[in-house]
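Reading through the structure tokens given below for one structure.
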Amino acid sequence: MARREQVMRMSVELPLWRALAGYRVLTMLYAVGFFATAYDGFARPWVAVGYYCVLSVWTLATLPKVANAASCTKRFLAADLTVAIAGIMLTTVADSHARIQSGGPTLPSIWTAGSVLAFAIKGGWRWAAGASSAVAIANLVERGTPARDTIHNVVLVWVASIAIGYVVEVARASERTLARALEIEAATRERERLARDIHDGVLQVLAMVQRRGAVLGGEAEELGRLAGEQEVALRTLVAGGLLPVSRVSQDAADGAVVRLVEETEDQGAPVDLRTLLAPYAAARVNLAEPGAPVLLPGPAAGELAAAVGAALDNVRRHAGEDARAWILVEDEPGAVIVTVRDDGPGIPEGRLAQAEGEGRLGVAQSIRGRLRDLGGSAELVSVPGQGTEVELTVPKENDVRRGKAGAR
């Protein structure tokens, strides 16, 4: 089975950077257009023309700088804020005092907010508070007196930038939490797969050695005791497992990074489930199946047959060698249903939960875990003294693929 590592970077900031780049271009055009319509009202229009030339070149040349957090360095942010504040202060030179006192806009106008927002997206609300405070001071100095419209604009930029910066910080924390959750899920699914394989092989062999050693006695009994100790230790390890250290990028502004190991399966030709279940038929195991082939994708058929085998192992272990079992295969339009029933003593109430707590994962992983990974289900009904019935349901090919995609 092929395996590949998928590296996924999650960043809610990328759309914000794109929006910021568009905002800077549009507000630059707005500031230039507004100046063009009010050209005759400026006391020294050539000062404004020079500034707008610098502003236009700077805005277009630095678009790559606001493409992502890595490109938006502290040095760039400082230079960008300097361009904005310089434009505010040059307004007193380019424009007349009367127009300034009447509430005329500064040379950069609303372009200044883009510079402050860059601080917010890059560094969070604290950086935004510092940048917006510097712009506020420059606006108050340019106006000379704290007029109502100036204070209104200052407060608006200050509140908006801090709010955006706070939202960005919350989004980063959420991304890291989501990345950790995805890795825990991936590690858990891998641990469950390994647990099924171990339970179907190593643990059962150790349990058999322990039982046979107790019967034979002597040195075999000591060997059985050691096998039992190793079985307990291995079950504990499988049940506990290890969780990976969360992988986040070194620069928190780059978003969270998660690496998921995926199994890539070649579905290949459908497999007749009857051929995989036929070996289970025996003197005390009756197999009832349709007369026509029961087709499932190869991996799904193999997992379903392994779950049936695990159910029969439980019958032999817990109901005894003399217990009878019946396997019924039903080929429905949208799913394949396999029922395994026995005439054993049944399962006492609460025994399954107790076994799972002890690390005995025959039902939890070898049966239910397999069916869950296939997008199906495993229902177990047991009445003390009346045997146990396990119903395994697996969707047909298209539903199997959808179930696996959803599980990932």
- Task: Beyond 22 Å, what share of the Cα-Cα pairs of region 19-127 is found? Please give it as a whole percent.
- Result: 31
- Divide the volume of the convex hull of the Cα atoms of region 105-183 by its number of residues and quote the answer in cubic angstrom per residue. 69
- Task: Could you pull out every residue, at least 5 positions away or on a different chain, whose amide H is within less than 5 Å of the one on residue 324? Hs are placed 1.01 Å off N in the peptide plane, and Pro or chain starts have none.
- Result: 343
- Full-extension gain in nm, residue 76 to residue 89, via 0.36 nm per residue minus C-alpha separation: 2.7 nm
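Every read-out reported here was derived from the displayed coordinates using simple, explicitly stated rules and does not represent laboratory data. All values derive from a computational prediction rather than experimental measurement.
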